[in-house]
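Undergrad: Below is a structure I'd like to ask you about.
The values are calculated or read from the model by the stated rules, or taken from the named source; none is laboratory data. Because the structure is a prediction, the values reported are computed rather than measured. Positions of Cβ are generated from backbone atoms using ideal geometry, with glycine treated the same way; all protein chains shown enter the neighbour counts.
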């Protein structure tokens, strides 16, 4: 088993923390996390893949152990976060990679793919949405903020930032909640309680509308470039519904879709099963994409 190294990269004076494992000369898998977590969510998946792949998992700005610049210095938009991760991939020399994206990581990874289609060898989406039909009614309070970005609607979203809600995101839809490690949601809540992080997260809630506006662009990328795509989905996710996974086949007919009887953070309960599916998928598709 390859040990995980814990590193930082300096991106224009901003520290980006990342986890890395696997041979330097192996095909690269770039893991992008979501809200409200960090690369910690991949702690089980990384060693399960690192014998065959170079696995890189950064913390987004404002998340995990990466720097959280003041909002006056870094606009907390998905385009801005993509800019930082784009520069991060250049800084550590990632010329090509397969993407594993989850939640917020999906629109960031897909923005990267649209910018650099030649770099993306495959896409694995774990509850990472790119279709309107994947959005549940759980998004309605955030939709209200998109439509009316008032102070009142902003304040109404603070309930999404509480430790209780974070724990609920990890446990909702999970058949056996005893399988969810408490350090997962506890670490997320502790890091989110740092001064100023709440305002960063509220800014990102507002800007998530820009991702929905880009869904047609992402779908065009799928149709034009047909990257090998695997969706591994917790089918009981309260935010991103199974139709969002099934919709990938509309633009990539040979996309592979697998559902697991668990919630949003599917890796917490099914990382071994998902790792096996990912290994099989990458063994077949990276060889094919390299030859294309």
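Matching residues to (1) part of a helix (DSSP H, G or I); (2) surrounded by 14 or more Cβ atoms within 10 Å (Cβ to Cβ); (3) touching a residue at least 12 places away in the same chain (Cβ under 8 Å):
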site: 169; (1), (2), (3): yes, yes, yes
site: 174; (1), (2), (3): no, yes, yes
site: 178; (1), (2), (3): yes, no, no
site: 191; (1), (2), (3): yes, yes, yes
site: 200; (1), (2), (3): yes, yes, yes
site: 203; (1), (2), (3): yes, yes, yes
site: 219; (1), (2), (3): yes, yes, yes
site: 244; (1), (2), (3): yes, yes, yes
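Undergrad: Hey, among the residues in segment 257-292 that are in contact (Cβ under 8 Å) with a residue 40 or more places away in the chain and outside any helix (DSSP H, G or I), which one's nearest to residue 181 (Cα to Cα)?
TA: 265
Undergrad: Residues in segment 89-119 that are touching a strand residue (DSSP E or B) at 6+ places or on another chain (Cβ under 8 Å) and assigned to a helix (DSSP H, G or I): how many?
TA: Summing the residues that are touching a strand residue (DSSP E or B) at 6+ places or on another chain (Cβ under 8 Å) and assigned to a helix (DSSP H, G or I) in segment 89-119 gives 10.
Undergrad: I've got another one for you. Looking at segment 22-42, which of its residues are without any contact (Cβ under 8 Å) to a residue 40 or more places away in the chain and within 9 Å of residue 57 (Cβ to Cβ)? Walk me through it before giving the result.
TA: Step one: of segment 22-42, the residues without any contact (Cβ under 8 Å) to a residue 40 or more places away in the chain are 22-26, 39.
If the condition is that a residue be without any contact (Cβ under 8 Å) to a residue 40 or more places away in the chain and within 9 Å of residue 57 (Cβ to Cβ), then 39 is the only one that fits.
Undergrad: Take segment 57-84 and flag every residue that is in contact with a helix residue (DSSP H, G or I) (Cβ under 6 Å, 6 or more places away or on another chain), part of a helix (DSSP H, G or I) and within 11 Å of residue 16 (Cβ to Cβ).
TA: Across segment 57-84, the qualifying residue is only 81.
Undergrad: Examine segment 136-147 for a residue that is under 26 Å from residue 114 (Cα atoms) and touching a strand residue (DSSP E or B) at 6+ places or on another chain (Cβ under 8 Å), and state whether such a residue exists. Walk me through it before giving the result.
TA: To start, the set of residues in segment 136-147 that are under 26 Å from residue 114 (Cα atoms) comprises 136, 139, 142-143, 146.
Adding the requirement that they be touching a strand residue (DSSP E or B) at 6+ places or on another chain (Cβ under 8 Å) leaves 136.
Scanning segment 136-147, I find at least one residue that is under 26 Å from residue 114 (Cα atoms) and touching a strand residue (DSSP E or B) at 6+ places or on another chain (Cβ under 8 Å), so the answer is yes.
Undergrad: Now, a different point. Quick check on residue 72: is it surrounded by fewer than 18 Cβ atoms within 10 Å (Cβ to Cβ) and more than 27 Å from residue 284 (Cβ to Cβ)?
TA: Details: surrounded by fewer than 18 Cβ atoms within 10 Å (Cβ to Cβ): yes; more than 27 Å from residue 284 (Cβ to Cβ): yes.
So residue 72 fits the description; yes.
Undergrad: Consider residue 254 carefully, then state whether it is in a helix (DSSP H, G or I) and over 18 Å from residue 102 (Cβ atoms).
TA: On the way: in a helix (DSSP H, G or I): no; over 18 Å from residue 102 (Cβ atoms): yes.
In short, no.
Undergrad: Do we have residue 30 as over 15 Å from residue 83 (Cα atoms) and either modelled with pLDDT under 95 or under 14 Å from the mean Cα position of the chain (by Cα) (or both) here?
TA: On the way: over 15 Å from residue 83 (Cα atoms): yes; either modelled with pLDDT under 95 or under 14 Å from the mean Cα position of the chain (by Cα) (or both): yes.
Yes, satisfied.
Undergrad: Under the condition of being surrounded by 14 or more Cβ atoms within 10 Å (Cβ to Cβ) and touching a residue at least 24 places away in the same chain (Cβ under 8 Å), which residue from segment 145-161 is nearest to residue 208 (Cα to Cα)?
TA: First pass over segment 145-161, keeping only residues surrounded by 14 or more Cβ atoms within 10 Å (Cβ to Cβ): 145-146, 153-154, 156-157, 160-161.
Applying the additional criterion that residues be touching a residue at least 24 places away in the same chain (Cβ under 8 Å) yields 145-146, 154, 157, 160-161.
Numbers: 145: 10, 146: 8, 154: 13, 157: 13, 160: 14, 161: 16 Å.
Residue satisfying both the conditions and the ranking: 146.
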